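Asks: My questions will all concern the structure given below.
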Amino acid sequence: RMFPILTSVGCPFSCTWCAVPRLEGSAMQFKDLHDVVSDIEEKYYFGVRSFRFIDSHLLADYETHFKLILEELIKKPWRAELHSYGGLNSLYVTQEMLELMAEAGFVRIQLPIETIDEGMLKNNNRAVSVTMWEGAVKRLYRINRFAVVSYVLCGIPGQTIKDIYRTINFVEDHGVTP
């Protein structure tokens, strides 16, 4: 059993292919960190051992929100299996963060790349570059604990089937599952 956990809603980015700012708003709203940890703990004691963080922008305000949640989870005498679902924005992924995530129990990380065509990324207001994504992948593999998965989008305006295959091959060449 895997239980969904939502710690925040919203996303300040405006990637043209994403509906999150329209559905959740562009202003971030955060659930109290103690409520998040209590939610996980309660479900854990009822037998749930696996949790999926479903936030659209999990790393927003990392220092004052998600980092504190990780630190609280690390203090617990139990370890659940944790997964990111919405994807970690490569712009914010640091080695310290990944080490805390591993210590807290994360085993699976979603790291979206969407496309390796820098022009398409820029034209669609994506604030992440291929180089940033590669750096985040390197940091993830230094820990050697995570299964890493990446979103590859199909159907971006102007995208060809060749572009899609190039992106899939690029992701796989980095040891990441598309």
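Asks: What FRET efficiency would be calculated for the residue pair Glu118, His34, taking the C-beta separation as r and a Förster radius of 41 Å, to the nearest 0.05? Show your work: numbers first, answer last.
Replies: On the way: r = 41 Å, r/R0 = 1.01.
Using R0 = 41 Å, I get an efficiency of 0.50.
Asks: Using the charge dipole of the chain (Lys, Arg: +1 at Cβ; Asp, Glu: -1 at Cβ; taken about the Cα centre), state which of Val171, Gly158, Cys15 has its Cα farthest towards the positive end.
Replies: Among Val171, Gly158, Cys15, the one farthest towards the positive end of the dipole of the chain is Val171.
Asks: Between the helical axis of 66-75 and the dominant principal axis of the chain, each derived from Cα atoms, what acute angle in degrees is found, rounded to the nearest 10?
Replies: 40
Asks: In segment 57-103, which trypsin sites (Lys or Arg not before Pro) fall in coil by DSSP and have 16 or fewer other Cβ atoms within 10 Å? Could the numbers behind the result be given before it?
Replies: Values: sites: Lys67, Lys75, Arg79; in loops: Arg79.
Filter output for segment 57-103: Arg79.
Asks: Taking the Cα centre of each part, how many Å lie between segment 81-107 and segment 139-178?
Replies: Rounded to whole Å, the Cα centres lie 18 Å apart.
Asks: OK, next. Rounded to the nearest 10 degrees, what's the angle between the helix 95-104 long axis and the longest principal axis of the chain, both from Cα atoms, 0 to 90?
Replies: 40
Asks: Over the chain, average the accessible area per residue using a 1.4 Å probe and give it in Å², no decimals. Please list the in-between numbers first.
Replies: Values: 8870 Å² over 178 residues.
Each residue of the chain exposes 50 Å² on average to a 1.4 Å probe.
Asks: Right, something else. Over the chain, what is the percentage of antiparallel beta bridges among all DSSP beta bridges, to the nearest 5? List each step's numbers first, then the result.
Replies: Details: 2 of 17 bridges.
For the chain, the DSSP antiparallel bridge percentage is about 10.
Asks: Test of understanding: extend the Cα→C-beta vector of Val130 to 7 Å, then name every residue of segment 157-178 with backbone N under 13 Å from that spot.
Replies: Inside the label zone: 163-174.
Asks: Moving on to the next point. With angles folded into 0 to 90 degrees, how steeply does helix 161-173 sit against the dominant principal axis of the chain? Use alpha carbons for both and round to 10.
Replies: Roughly 50 degrees between the two axes.
Asks: How about the chain: what cysteines have no other cysteine beta carbon under 4.7 Å from their own?
Replies: Lone cysteines by the Cβ rule: Cys11, Cys154.
Asks: Take every Cα pair under 8 Å in segment 59-178 that's 6+ residues apart, average their separations, divide by the length, and report that relative contact order as a whole percent. Before the final figure, lay out the partial values.
Replies: Numbers: 151 pairs, mean separation 30.6, N = 120.
So the answer I get is 25 percent.
Asks: Once Lys and Arg get +1 and Asp and Glu get -1 on their Cβ, which of Met97, Ile143, Leu33 lies farthest toward the positive end of the dipole of the chain?
Replies: Final value for the positive-end residue is Ile143.
The values are calculated or read from the model by the stated rules, or taken from the named source; none is laboratory data. The structure presented is a predicted model; accordingly, all values stated were derived computationally and were not measured. With ideal geometry, Cβ positions are generated from the backbone for all residues, glycine too; neighbour counts draw on all protein chains shown. Side chains included, ligands, DNA and RNA excluded: accessible areas come from the protein's heavy atoms. Shrake-Rupley method; radii C 1.70, N 1.55, O 1.52, S 1.80 Å.
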